[in-house]
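Participant: Following this message is one structure expressed as structure tokens.
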């Protein structure tokens with residue numbers, strides 16, 4: 001049997017680094033490994049998954065979860081899963097056929113809502129590693145939220161500069177300040 005391993009949490013918590021490590025580890029084990037990323041992720045080259053540590057690996061850009069079915073592999077690594085459309089049952093079916101998955105993605109939007117298909121993925125995962133980042137505001141080691149600096153995040157904005165990783169206290173404090181500021185502006 002295969003398995004589904006998910007690395008989730010806010011921005012800057014090391015999710016991508018984890019799947020890059022697993023990619024290399026699986027290659028050492030002699031497995032046929034494929035790396036995927038959503039077409040919408042334009043932060044680096046369209047064909048590269050890169051960590052903040054400067055490590056990068058060639059990747060296949062995809063739009064939908066079902067696109068992975070076109071590629072034969074023992075192990076599938078997928079970065080930024082939250083941006084993919086489609087049915088996670090495809091991953092479940094492939095895992096049932098013995099395929100391994102290492103998947104990274106944001107579990108929540110900047111408004112603390114489930115992000116894309118991540119909630120469904122977490123429900124079928126064999127292993128979940130919920131990671132935290134360092135709070136960009138107070139430097140607390142338990143930042144679990146991603147906050148969009150531009151106000152309400154009504155559309156997907158790809159990038160790092162527009163977002164902050166925040167602990168629960170700073171998220172609540174900053175979001176209340178933003179709401180008060182917007183009310184004064186109106």
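Participant: Within the range 20-36, work out how many residues are under 11 Å from residue 73 (Cα atoms) and touching a helix residue (DSSP H, G or I) at 6+ places or on another chain (Cβ under 8 Å).
Facilitator: Residues meeting the conditions: 3.
Participant: While we're on this one: So in the range 136-161, with the set limited to residues that are under 16 Å from the mean Cα position of the chain (by Cα) and assigned to a loop (DSSP other than H, G, I, E, B), which one is modelled with the lowest pLDDT?
Facilitator: Filtering the range 136-161 for residues that are under 16 Å from the mean Cα position of the chain (by Cα) and assigned to a loop (DSSP other than H, G, I, E, B), the one modelled with the lowest pLDDT comes out as 157.
Participant: Checking residue 86 against (1) touching a helix residue (DSSP H, G or I) at 6+ places or on another chain (Cβ under 9 Å); (2) modelled with pLDDT under 95; (3) surrounded by fewer than 18 Cβ atoms within 10 Å (Cβ to Cβ), which test does it fail?
Facilitator: (2) is the only condition that residue 86 fails.
Participant: Can you find a residue that is without any contact (Cβ under 8 Å) to a residue 24 or more places away in the chain and surrounded by fewer than 22 Cβ atoms within 10 Å (Cβ to Cβ) anywhere in the range 72-80?
Facilitator: Looking for residues that are without any contact (Cβ under 8 Å) to a residue 24 or more places away in the chain and surrounded by fewer than 22 Cβ atoms within 10 Å (Cβ to Cβ), one finds none in the range 72-80, hence no.
Participant: Let me ask something else. Kindly state which strands (runs of 3 or more DSSP E) lie completely within the range 14-121 and contain at least 2 residues that are under 25 Å from residue 161 (Cα atoms).
Facilitator: 33-38, 48-50, 56-58, 60-62, 100-105
The values are calculated or read from the model by the stated rules, or taken from the named source; none is laboratory data. What you are looking at is a predicted structure, and each value in this text was computed from that prediction instead of being measured. FYI the Cβ positions are ideal-geometry reconstructions off the backbone, even for glycines, and counts take in every protein chain you see.
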